[in-house]
Amino acid sequence: MADRRSLVAGIKPATPPVDPSVEKDFIYRAPSGETTAKPAAPATTANIARSPLSTRIRADFAAALKRASLERQLEGKEPNTLCDILEQAIEPWLRTNGYIT
């Protein structure tokens, strides 16, 4: 049976503490293969204000939309966000029915 030790002895680290500068370098470095620069927003929607919208859609539509978004993101195709795909799908209907010009 193992020797008993006090609670204080049990919570003391067994290894020496890590240098704080090494910790900061690890935490704040860019992941390998990625740059720290963020991609620019699409030029067509850069100056358009967005408004939150909440609605309910059929579960199969929601699943298909999410799948399309994820696959397009992996393939690097645009539009690839749920918002951009929905905007692209809704815009022709709004134009056809005279709600936007």
Next item on the list: All but one of (1) open to solvent by less than 100 Å² (accessible area, probe 1.4 Å); (2) at pLDDT 95 or above hold for Ala46, so report the exception by its number.
Entry: (2)
Check: Hey, Arg56 hits all of (1) at pLDDT below 95; (2) loosely packed, with under 10 Cβ neighbours inside 10 Å but one; which does it fall short on?
Finding: (1)
Item checked: Number of the exception - Arg72 against (1) open to solvent by less than 100 Å² (accessible area, probe 1.4 Å); (2) farther than 30 Å from Thr101 by Cα; (3) at pLDDT 95 or above; (4) under 17 Å from the mean Cα position of the chain (by Cα) -> (2)
Note to self: Could you check segment 65-101 and list, in sequence order, the residues that are closer than 21 Å to Ile48 by Cα, part of a helix (DSSP H, G or I) and of a type in the set (D, E, K, R)?
What the structure shows: Asp84, Glu87, Glu91, Arg95
Margin query: Can you pull out every residue in segment 11-32 that is among the small types (Gly, Ala, Ser) and part of a loop (DSSP other than H, G, I, E, B)?
Written below: Ala14, Ala30, Ser32
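The values are calculated or read from the model by the stated rules, or taken from the named source; none is laboratory data. None of the values given here were measured: they were computed from a predicted structure. Because the Cβ atoms are built from the backbone with ideal geometry, glycine has one as well, and the counts that use them run over all protein chains shown. The area values use the complete protein model at the heavy-atom level, side chains included, leaving out ligands, DNA and RNA. Shrake-Rupley method; radii C 1.70, N 1.55, O 1.52, S 1.80 Å.
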